[in-house]
Amino acid sequence: GAVVSQHPSWVICKSGTSVKIECRSLDFQATTMFWYRQFPKQSLMLMATSNEGSKATYEQGVEKDKFLINHASLTLSTLTVTSAHPEDSSFYICSAYSKDTQYFGPGTRLTVL
Amino acid sequence: GNSVTQMEGPVTLSEEAFLTINCTYTATGYPSLFWYVQYPGEGLQLLLKATKADDKGSNKGFEATYRKETTSFHLEKGSVQVSDSAVYFCALSATSGTYKYIFGTGTRLKVLA
């Protein structure tokens with residue numbers, strides 16, 4: 001139980017384009033999901049908290065107009081990287097919260113050329 | 001504020017050696033404590049957790065005990081295998097109701113055959 005999926009697992013895009021990443025809780029409902037970014041050999045950096053039916057809460061320094069988050073249902077949150085640039089290349093990981101525990105997705109590797 | 005301190009890696013051990021990865025925390029209230037494992041190119045997997053003082057979490061031969069008196073949650077395994085090679089993250093849940101985690105910096109473990 002408590003499985004979280006992400007799609008796509010990897011994506012390569014051209015600079016200036018937008019990319020959407022999906023995060024789904026497969027066997028449970030999650031009113032709260034989180035989006036993280038991880039740089040090589042580093043810990044996770046929390047980008048934002050996504051709450052079903054309301055606006056996401058962004059961490060300090062994260063551009064909300066660049067990283068659009070939509071949590072339209074209890075099992076799906078999406079992160080859209082708008083007008084992506086090479087510096088946005090990273091490993092993006094989502095998690096879904098249930099019963100005092102965050103369950104993580106497998107991550108999405110984004111490469112912007 | 002809340003914080004998590006993990007021992008720096010990398011930790012290199014021979015197969016069947018005893019493993020300890022230290023984790024200490026600073027927190028107000030009574031947070032839950034977690035260990036996650038990350039294999040290369042993947043998301044985080046919940047390894048074990050403890051929700052109150054003196055609780056012992058265990059899974060796949062790994063153990064950690066929530067020690068409030070020493071504010072610690074050290075991860076131990078009696079006999080490591082090559083397949084345990086990964087990065088291990090200690091985390092605590094914030095008690096403010098935001099469901100956010102505070103992560104340690106991660107400890108890379110390499111087990112040699």
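The values are calculated or read from the model by the stated rules, or taken from the named source; none is laboratory data. Source: prediction; values computed, not measured. Note that we place each Cβ from the backbone using ideal geometry, even for glycine, and neighbour counts take in every protein chain shown.
Observations
- Residue within the stretch A:20-38 that is within 14 Å of another protein chain (Cβ to nearest Cβ), under 19 Å from residue A:62 (Cβ atoms), touching a Ser or Thr at 6+ places or on another chain (Cβ under 6 Å) and part of a loop (DSSP other than H, G, I, E, B) present: no
- Here is the figure for the stretch A:78-113: residues that are more than 14 Å from chain B (Cβ to nearest Cβ), among the small types (Gly, Ala, Ser) and free of Cβ contacts under 8 Å to residues at least 60 places away in the same chain total 1.
- Residue list for the stretch B:1-31, restricted to those being surrounded by fewer than 15 Cβ atoms within 10 Å (Cβ to Cβ) and within 21 Å of residue A:100 (Cβ to Cβ): B:1, B:3, B:26, B:28, B:29, B:30
- Test: residue B:66 is within 14 Å of chain A (Cβ to nearest Cβ), under 19 Å from residue A:96 (Cα atoms) and under 13 Å from the mean Cα position of the chain (by Cα): no
- Among the candidates A:17, A:32, residue that is closer than 22 Å to residue B:45 by Cβ and either buried (at least 16 other Cβ atoms within 10 Å of the Cβ) or in contact (Cβ under 8 Å) with a residue 12 or more places away in the chain (or both): A:32
- Residue satisfying condition, being of a type outside the set (D, E, K, R) and within 13 Å of chain A (Cβ to nearest Cβ), within set B:91, B:113: B:91
- Any hit, the stretch B:32-48, residues being more than 14 Å from chain A (Cβ to nearest Cβ) and either more than 30 Å from residue A:109 (Cα to Cα) or surrounded by 20 or more Cβ atoms within 10 Å (Cβ to Cβ) (or both): no
- Total residues in the stretch A:53-100 satisfying the condition of being surrounded by fewer than 18 Cβ atoms within 10 Å (Cβ to Cβ) and more than 14 Å from the chain's Cα centre (by Cα): the figure is 14.
- Selection count, the stretch A:1-14, where residues are within 22 Å of residue B:45 (Cα to Cα), loosely packed, with under 12 Cβ neighbours inside 10 Å and at pLDDT 95 or above: 1
- Out of B:97, B:61, B:57, sole residue that is within 14 Å of chain A (Cβ to nearest Cβ) and at pLDDT 95 or above: B:57
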